[in-house]
Amino acid sequence: MDGERPLDPSRAAAAEAFLESLAELGLDRLPRAVHQPAEAPESTESEVAEPGPRLEQLNARIEACRLCALGETRRCSVPGEGSARARVMFVGEAPGAQEDASGRPFVGPAGQLLTKIIENGMGLSREEVFIANVLKCRPPQNRDPQTEEKKLCTPFLQEQMEIIAPELVIALGKHAANHLLGRESSLGRLRGRLHQPAQGGPPVLATYHPAYLLRNPADKRACWQDIQMGMDHLGLKRPSRASGGQTGTPTPAPPSQENGRPQEGKHRW
Ligand code: SF4
């Protein structure tokens, strides 16, 4: 139990002597630093370490980039968009004409299909995921990216992945998948399973590019199988046929699989 204790006469004398010495120095109280903790220093480092500000800084660097010739021919750079804490990141090959004009990824017809896959299929919003491309500037006339362009631009994508630290990367199309996996394979050989990149990082799931699906809608079914595999990896609930497609809720138990592949369900996009 706390209570006032009688003051030790010798300690009282010492305190009195100490106060007298302060008075001789012209001080009538203890200096602030002696009895109050110093104020915490401003922590600018932790702010910079936040994914949002780091992505903004990276976007500014991409906007200013002229490392390859595409920096001279682009209208807008297209760094990517979405949540800085996204659990899943979609990566395509390069921006097209509408993306070049707007500075946003996947906004044309293929982008609208990707949005339906994310929203109607996965039960997520575009704002919850992150969407980017390997190249941040549009190649003229939508030609294939050159090796040197990809080499120069890849560090930006790597930095995005490092900042966001997604649990899954979905590569859209053969070119993005091969680039992310450091391979040269057909999409048929790459899709339908999770790959662990040799250089580390999150697993990569390869599937069809939405632009291809617009030309080949019969392959939407196979793409939906891939997407459901990704949903299983993320613990997202698959749409039930009776629920009208309400998805996106994490669930601890993955749905049943058949022959190592997810059970098929009708896609809603
Ligand atoms: S494509 Fe990449 S490397 Fe080339 S200018 Fe654009 S941001 Fe820079």
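So the values come out like this:
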| read-out | value |
| --- | --- |
| Test: residue in the range 34-51 that is in contact with an Asp or Glu (Cβ under 8 Å, 6 or more places away or on another chain) and at pLDDT 95 or above | no |
| Residue in the range 76-88 that is within 12 Å of the ligand (Cβ to nearest atom) and free of Cβ contacts under 8 Å to residues at least 60 places away in the same chain present | yes |
| Check on LYS136, within 19 Å of the chain's Cα centre (by Cα) and either in contact (Cβ under 8 Å) with a residue 40 or more places away in the chain or open to solvent by 10 Å² or more (accessible area, probe 1.4 Å) (or both) | yes |
| Selected residue [among the charged types (D, E, K, R) and open to solvent by less than 60 Å² (accessible area, probe 1.4 Å)] from GLU93, GLU128 | GLU93 |
| Residues that are among the acidic types (Asp, Glu) and either under 23 Å from ARG215 (Cβ atoms) or within 16 Å of the ligand (Cβ to nearest atom) (or both), drawn from the range 103-154 | GLU119, ASP144, GLU148, GLU149 |
| Enumeration of residues in the range 55-74 that are closer than 26 Å to ILE118 by Cβ and either at pLDDT below 95 or assigned to a loop (DSSP other than H, G, I, E, B) (or both) | ARG74 |
| Selected residue (criterion: nearest to GLY235 (Cα to Cα)) from residues of the range 174-191 that are open to solvent by 10 Å² or more (accessible area, probe 1.4 Å) and touching a residue at least 40 places away in the same chain (Cβ under 8 Å) | LEU180 |
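The values are calculated or read from the model by the stated rules, or taken from the named source; none is laboratory data. Note that the coordinates shown come from a computational prediction; the quantities given were computed from them, not determined experimentally. Every residue, glycine as well, gets a Cβ built from its backbone with ideal geometry; the counts of neighbours run over all protein chains shown. These area figures cover heavy atoms from the full protein model, side chains too; ligands, DNA and RNA do not enter into them. Shrake-Rupley method; radii C 1.70, N 1.55, O 1.52, S 1.80 Å.
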